[in-house]
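The values are calculated or read from the model by the stated rules, or taken from the named source; none is laboratory data. All figures in this text were calculated on a predicted structure; none of them were measured in a lab. Using ideal geometry, Cβ is built from the backbone for each residue, glycine included, and neighbour counts are taken over all protein chains shown. Just so you know, the surface numbers come from the protein's heavy atoms only, side chains and all, with ligands and any DNA or RNA stripped out. Shrake-Rupley method; radii C 1.70, N 1.55, O 1.52, S 1.80 Å.
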Amino acid sequence: GVTGGEPFLNVLDIELGESVDEIKFPDLGEIHNPTWSPDGRRLAFSANDNGLTDLFIYDLEAERLERLTDDPYADLQPAWSVAAGRIAFVTDRFSTDLGELSIGAYGLAVLDPDSGKIEALPGFDGAKNINPQWSDDAESLYFIADPNGISNIYRLDLSRRQVYQVTDLLS
């Protein structure tokens, strides 16, 4: 959210139904898509910073903000896997040509928060690939794509690197 013109994360205790912490980030722009780490100690999120959208991690115990990406590419919609400890996200880094100033379509990637290594994931070239969500066992990643102009849900089998269509909507 935003309070007093500053973005913040509001941590809620679900059982109590009340806020237990409000963390302000005066140096960042709007914050999107917070996702918990497997140990519940950290939050990953995307945030605007000087017109660019990058990924960040906030360590609640250490009260420390860490920037995961710092480049002109759009990095959005992080999803932290409980089983694998990796962060899936949406990015245009594999389809954008900065030299030509040609912005590409959104694809999927996975990031190891410890090493910072980013790996492209299979999806649909030239189509949007958004909203990644991990399966409970971290063997698959579900996402929305529109390779035929119609948004549907797909499942990426990570070991086989194969994409399967889950829904078949007509519009």
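What to note about this one:
- Restricting attention to region 148-171, the residues that are surrounded by fewer than 10 Cβ atoms within 10 Å (Cβ to Cβ), over 20 Å from residue 126 (Cβ atoms) and either at pLDDT 95 or above or in contact with a helix residue (DSSP H, G or I) (Cβ under 6 Å, 6 or more places away or on another chain) (or both) add up to 1.
- Residue match in region 17-38 (condition: modelled with pLDDT of 90 or more and part of a loop (DSSP other than H, G, I, E, B)): yes
- Residue check, residue 11 in contact with an Asp or Glu (Cβ under 8 Å, 6 or more places away or on another chain) and in contact (Cβ under 8 Å) with a residue 40 or more places away in the chain: yes
- Any chance residue 105 is in contact (Cβ under 8 Å) with a residue 12 or more places away in the chain, part of a loop (DSSP other than H, G, I, E, B) and closer than 16 Å to residue 78 by Cβ: no
- For region 39-62, a residue qualifies if it is of a type outside the set (Lys, Arg), free of Cβ contacts under 8 Å to residues at least 24 places away in the same chain and assigned to a loop (DSSP other than H, G, I, E, B), and the qualifying residues are 39, 40, 50, 51, 61, 62.
- The listed residues are 46, 115, and the only one of them that is at pLDDT 95 or above and of a type in the set (S, T, N, Q) turns out to be 46.
- Filter pass, residue 121 being more than 20 Å from residue 48 (Cα to Cα), out of contact with any Lys or Arg (no Cβ under 7 Å at 6 or more places or on another chain) and at pLDDT 95 or above: yes
- Residue count for region 63-100 satisfying the condition of being open to solvent by less than 30 Å² (accessible area, probe 1.4 Å), of a type in the set (Val, Ile, Thr) and assigned to a loop (DSSP other than H, G, I, E, B): 2.
- Note on region 110-142: among residues that are in contact (Cβ under 8 Å) with a residue 40 or more places away in the chain and part of a strand (DSSP E or B), the one that is surrounded by the fewest Cβ atoms within 10 Å (Cβ to Cβ) is 133.
- Region 1-16, residues that are modelled with pLDDT of 75 or more and among the acidic types (Asp, Glu): 15
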